[in-house]
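Data block below; observations after.
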Amino acid sequence: MSSGIRFDRVTVVYGGTTVLDSLDLTVEPGEVMALLGPSGSGKTTALRAVAGFVRPAAGRVFIGDRDVTGLPPHRRGIGMVVQQYALFPHMRVEDNVAFGLKAQKVPRGEIRDRVEAALEMTGMAAYARRHPRELSGGQQQRVAIARALAIRPGVLLLDEPLSALDARLRSGMLTELARLHRELPDVSILYVTHDQVEALTLADRIAVMDKARLQDVGTARELYREPRTEFTASFVGNANLLPVTVGTDGVDFAGTGLTVPTDDAARGTTATLCVRPHLVGLGAGPNALTGSVAEVQWRGATHRLYIEVAGHRVMADLRELRQPPALGDKITVHFAPEDAVLLRAGVTAQETTVSAVGVSRDG
Ligand code: ADP
């Protein structure tokens, strides 16, 4: 079965509203790509366009090197798992898993083997004779995954598969999904989620969506260390986003000069400086900022301080402090030049490929 997915300028319109705007994205064979974004950003629509449940107004969808844009869902060779399991309640587990194979007219003996293998792989072999109502939510979701895998798809589409489960089950299932992917290294997985932990845990790369558009795409580390847009910076992890004016060797933030990497083209423009809160340190140093403590939150291993600097709140995540400051205390924090990323205002990934001036480094 061919693997890999390619969106080629895929646009979907509902009742005159563009809900997916010219999406260009490639999922490599064997890759797990997360579609991450807030509710309503077009993630499910993108996935349904691959499944064949949504007809694009423009653009093409490829699975492997096959243009599947005009093909009905059952001829696309995909497995799909949605949030609400969607098992047939009147059928036993084994018949649920066999369903797609029967539809494909796979010979009986082979159906039995494949159902067994799929249930084995998802740890559900002992439940083959049960009905869905006799299973927990997590078990039902395993059956749904077994059913999707039984057809041996080249592409597996997962739409918020864990969001109906409670937090503990969710974390266990995340580990399971990671294991499944290791056992099926050739299957491409498109994983829709609004949960950054799921995306960071499972995905080889993350495509960040907002307002019907692709905002950014990269590995978790790339998006975290070098976000290209303000949206990515604030959606993937936490970020201080400081309004600055770009100078020669740095920027001006509310009258304070800060040394950060810049490029000549940006000189004189306004931009946003992204600094991750855990890279802000206490006390004097390079790029020092002084302000008064507006809020102190104890988070177990860390303290999160909100510091009012020239009308802006700067967040600092510091390893648990023996003596945290009191509200109103005047304190100084700082950050290293290489820990800041300059973002040009109002830029999305589809408009330019070089919008950030950053320094890549391991750490
Ligand atoms: P997400 O998965 O990111 O939450 P969706 O792709 O489900 O977002 O939806 C994107 C937008 O399209 C939303 O504004 C949603 O209301 C709208 N939408 C989704 N499905 C339909 C539909 N069948 N008819 C009309 N509008 C829809």
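The values are calculated or read from the model by the stated rules, or taken from the named source; none is laboratory data. Nothing here was measured: the structure is a model prediction, and the numbers come from that model. Cβ coordinates were reconstructed from backbone atoms using ideal geometry, including for glycine residues, and neighbour counts include every protein chain displayed.
Any idea how many residues of region 196-209 are assigned to a helix (DSSP H, G or I) and within 15 Å of the ligand (Cβ to nearest atom)?
Counting residues in region 196-209 that are assigned to a helix (DSSP H, G or I) and within 15 Å of the ligand (Cβ to nearest atom) gives 3.
Residue-wise test of (1) modelled with pLDDT of 95 or more; (2) more than 16 Å from the ligand (Cβ to nearest atom); (3) closer than 23 Å to Leu35 by Cα.
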residue	(1), (2), (3)
Lys211	yes, no, yes
Leu223	no, yes, yes
Val236	no, no, yes
Arg267	no, yes, no
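Which is touching a residue at least 12 places away in the same chain (Cβ under 8 Å) and within 16 Å of the ligand (Cβ to nearest atom), of Gly138, Gly59?
Every option except Gly59 fails the conditions.
In the list Ala98, Ala103, which residue meets the criterion of being on the phi < 0 side of the Ramachandran plot, in contact with a His (Cβ under 7 Å, 6 or more places away or on another chain), in the same structural domain as His194 (by TED's automatic domain parsing) and away from the ligand (no atom under 16 Å from the Cβ)?
Ala103
Quick check on my filter: what residues within region 142-167 are of a type in the set (D, E, K, R), closer than 20 Å to Phe88 by Cβ and more than 16 Å from the ligand (Cβ to nearest atom)?
Passing the criteria: Arg142, Arg147.
Would you be able to tell me the number of residues in region 175-195 that are within 17 Å of Gly237 (Cβ to Cβ) and either at pLDDT below 90 or touching a Pro at 6+ places or on another chain (Cβ under 9 Å) (or both)?
So the answer is 2.
Assess whether His181 counts as being away from the ligand (no atom under 16 Å from the Cβ), crowded, with 18+ Cβ neighbours inside 10 Å, in the same structural domain as Arg152 (by TED's automatic domain parsing) and within 27 Å of Arg6 (Cβ to Cβ).
Judged against the criteria, His181 is a match.
Quick check on my filter: what residues within region 254-275 are crowded, with 16+ Cβ neighbours inside 10 Å and in contact with a Ser or Thr (Cβ under 8 Å, 6 or more places away or on another chain)?
Within region 254-275, Thr262, Ala271 qualify.
Exactly one condition in (1) in contact (Cβ under 8 Å) with a residue 24 or more places away in the chain; (2) surrounded by fewer than 20 Cβ atoms within 10 Å (Cβ to Cβ); (3) more than 16 Å from the ligand (Cβ to nearest atom); (4) under 15 Å from the mean Cα position of the chain (by Cα) is not met by Ala128; state its number.
Result: Ala128 fails condition (4) only.
Residues that are in contact (Cβ under 8 Å) with a residue 40 or more places away in the chain, surrounded by 13 or more Cβ atoms within 10 Å (Cβ to Cβ) and among the small types (Gly, Ala, Ser), at least 1 per element: which strands (runs of 3 or more DSSP E) completely within region 276-348 meet that?
Ranges flagged: 289-298, 340-344.
Which of the strands (runs of 3 or more DSSP E) contained wholly in region 1-46 include at least 1 residues that are small (Gly, Ala, Ser)?
Result: 17-27, 32-36.
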